[in-house]
1. Of all the helices (runs of 4 or more DSSP H) wholly in the stretch 75-187, which have at least 3 residues that are in contact with a helix residue (DSSP H, G or I) (Cβ under 7 Å, 6 or more places away or on another chain) and more than 22 Å from residue 243 (Cα to Cα)?
2. Is it true that some residue in the stretch 245-252 is touching a strand residue (DSSP E or B) at 6+ places or on another chain (Cβ under 7 Å), outside any loop (DSSP other than H, G, I, E, B) and aliphatic (A, V, I, L, M)?
3. Taking the residues in the stretch 188-214 that are assigned to a loop (DSSP other than H, G, I, E, B) and polar (S, T, N, Q) as candidates, determine which candidate is most open to solvent (accessible area, probe 1.4 Å).
4. Filter the stretch 351-374 down to residues that are of a type in the set (A, V, I, L, M, F, W, C) and surrounded by fewer than 20 Cβ atoms within 10 Å (Cβ to Cβ) and give me whichever is nearest to residue 284 (Cα to Cα).
5. Against the definition (open to solvent by 60 Å² or more (accessible area, probe 1.4 Å) and modelled with pLDDT of 95 or more), how does residue 222 come out, yes or no?
6. Would you mind finding the one in 316, 334 that is closer than 22 Å to residue 418 by Cβ, in a helix (DSSP H, G or I) and either among the small types (Gly, Ala, Ser) or in the same structural domain as residue 400 (by the TED database) (or both)?
7. In the stretch 334-385, which residue that is in contact with a helix residue (DSSP H, G or I) (Cβ under 6 Å, 6 or more places away or on another chain) and of a type in the set (Gly, Ala, Ser) is nearest to residue 294 (Cα to Cα)?
8. Would you be able to tell me the number of residues in the stretch 201-237 that are closer than 23 Å to residue 47 by Cα, touching a residue at least 60 places away in the same chain (Cβ under 8 Å) and in contact with a Lys or Arg (Cβ under 8 Å, 6 or more places away or on another chain)?
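The values are calculated or read from the model by the stated rules, or taken from the named source; none is laboratory data. What you see is a predicted model; the values in this text were computed from it and never measured. For neighbour counting, all protein chains shown are included, and Cβ atoms are generated from backbone atoms with ideal geometry for every residue, glycine included. What goes into the accessible areas is simple: the full protein's heavy atoms, side chains included, and nothing from ligands, DNA or RNA. Shrake-Rupley method; radii C 1.70, N 1.55, O 1.52, S 1.80 Å.
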Amino acid sequence: MRHLPFRVATCSPVRAHAASKWSFGSFAGRRRHLSSRKPEGDDQPLRILFCGTDQFSVASLQALEKYSRTPESNILSIDVVTKTDKRVGRGRKLVRPPAIKPAAQDLGLRVHQIDTFTGWSPPAFGDAGSPSCCNLVVAVSFGLLIPPRILRSAAYGGLNVHPSLLPDLRGPAPIQWALITGRRRTGVSLQTLHPTRFDEGIVLDQTPPPGLDIPRPDEITAEELTAYLAPIGAKMLVDAVRNRLYVPPYRAVQFSSVPGVDLTHAPKVTNELCAVDFEALPKSAILRRNRALQSLHGFVRFGPDPSQVLRINFGADIRDVKDGDIPEEVRGAAEAMPNGIPYAIVPTHENVNESSKPLIINARLDKYHEGRQVVIPLITVSSRAKGPGAGAAARAKFFSEPEVFGRFKLYRFSHPISGLPEPPFVEIHGNTIRT
């Protein structure tokens with residue numbers, strides 16, 4: 001582990017004044033005052049235990065390490081805790097580390113990989129007779145509750161950076177749920193770590209109401225929103241460390257509700273959440289969910305028995321209908337297609353098995369009557385290779401006999417795509433059948 005050089009804070013009056021205020025880069029009009037108080041008789045150099053996993057946490061770690069190398073810093077060391085590497089992909093042959101692992105290694109920081117805190121203790125420092133532990137825990141997009149025994153061992157407890165305007169979107173997936181619920185604004189909060197519950201600490205700093213406008217709110221993906229909020233959260237964390245906000249007594253930010261926004265929980269993203277029911281959801285909700293999760297799927301019957309079901313994974317490029325997707329000759333039949341029944345429109349001279357045309361599915365009509373066609377360019381049927389919607393569906397033998405409309409043929413599924421199969425079900429994986 002690389003120890004970071006400890007420096008005694010000797011700020012000039014100008015630097016001390018500058019350190020007491022901050023702004024979100026280009027959001028200079030949203031300045032807020034932060035306490036610049038110094039702890040009385042309790043200004044220990046920091047040994048930080050940083051817990052994180054993804055790209056959102058990478059930005060905070062990099063900013064904290066960069067700050068540790070400044071003359072005003074009192075950070076002595078940073079140890080990084082993250083999840084273990086996971087096997088991913090077809091056949092689980094690829095091993096993928098959490099994003100923060102290579103980032104921490106590039107910074108020369110020691111990395112500890114765990115999937116549970118049971119039986120694990122933070123590193124100890126100093127003499128064997130009187131060892132000391134990390135005295136500040138920082139958790140950013142980590143996913144595990146820091147146990148009370150570790151928080152108690154840290155003299156300053158813990159801090160957490162959360163990408164929402166707490167208590168709104170409290171939970172492990174605030175960025176995804178900001179998109180799923182159609183939020184137009186969001187923000188970042190800095191809170192203390194509660195010893196037994198997630199996201200119920202004292203909020204020490206927060207984006208001022210009404211929050212930050214989400215860029216391109218009808219197009220942005222979760223990955224893009226993460227990249228937008230990550231540096232804002234990183235700056236908030238560094239400002240909190242610089243201004244010793246981790247030292248009690250804490251000065252809580254008074255929460256003011258944002259008009260027109262109901263407080264929403266942001267639970268973990270589950271496999272069930274990624275399953276789409278086109279008969280129940282309107283187009284706008286499906287497109288928002290796709291931008292948030294980028295891994296939607298559904299189930300379709302492949303035989304006469306209702307329990308015979310195949311899973312279809314949709315590509316991340318699900319989109320709204322555009323000019324050219326539905327020729328005028330077929331428009332009436334396409335509009336009349338029942339909700340949830342996938343169909344494809346293919347030129348009569350084209351072999352549907354080799355077609356590059358997308359699948360189209362009519363979703364439930366919303367209250368604004370703004371159309372209901374959802375276009376799915378790419379699909380993966382069970383364990384087969386990904387391919388264009390029409391061709392991949394034809395090769396899986398999902399289509400019934402086509403109808404001819406002038407220069408085009410309309411192919412449709414015999415059964416609708418459903419969000420969840422009715423158990424017990426049969427799902428084919430290669431040459432095996434799973435029940």
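1. Working: elements: 100-106, 148-153, 174-180.
Fully inside the stretch 75-187 and qualifying: 100-106, 174-180.
2. no
3. Filtering the stretch 188-214 down to residues assigned to a loop (DSSP other than H, G, I, E, B) leaves 188, 193-202, 207-211, 214.
Filter again for polar (S, T, N, Q), leaving 196, 207.
Details: 196: 83, 207: 2 Å².
Only one residue tops the list, namely 196.
4. Of the stretch 351-374, the ones of a type in the set (A, V, I, L, M, F, W, C) are 352, 359-361, 363, 365, 374.
Now restrict to residues that are surrounded by fewer than 20 Cβ atoms within 10 Å (Cβ to Cβ): 352, 365.
Working: 352: 29, 365: 10 Å.
Across the stretch 351-374, the extreme among qualifying residues is 365.
5. Working: open to solvent by 60 Å² or more (accessible area, probe 1.4 Å): no; modelled with pLDDT of 95 or more: yes.
Considered against the rule, which asks whether it is open to solvent by 60 Å² or more (accessible area, probe 1.4 Å) and modelled with pLDDT of 95 or more, residue 222 comes out as no.
6. Values: 316 fails: in a helix (DSSP H, G or I).
Only one candidate qualifies: 334.
7. 363
8. Going through the stretch 201-237 one residue at a time, the tally reaches 1.
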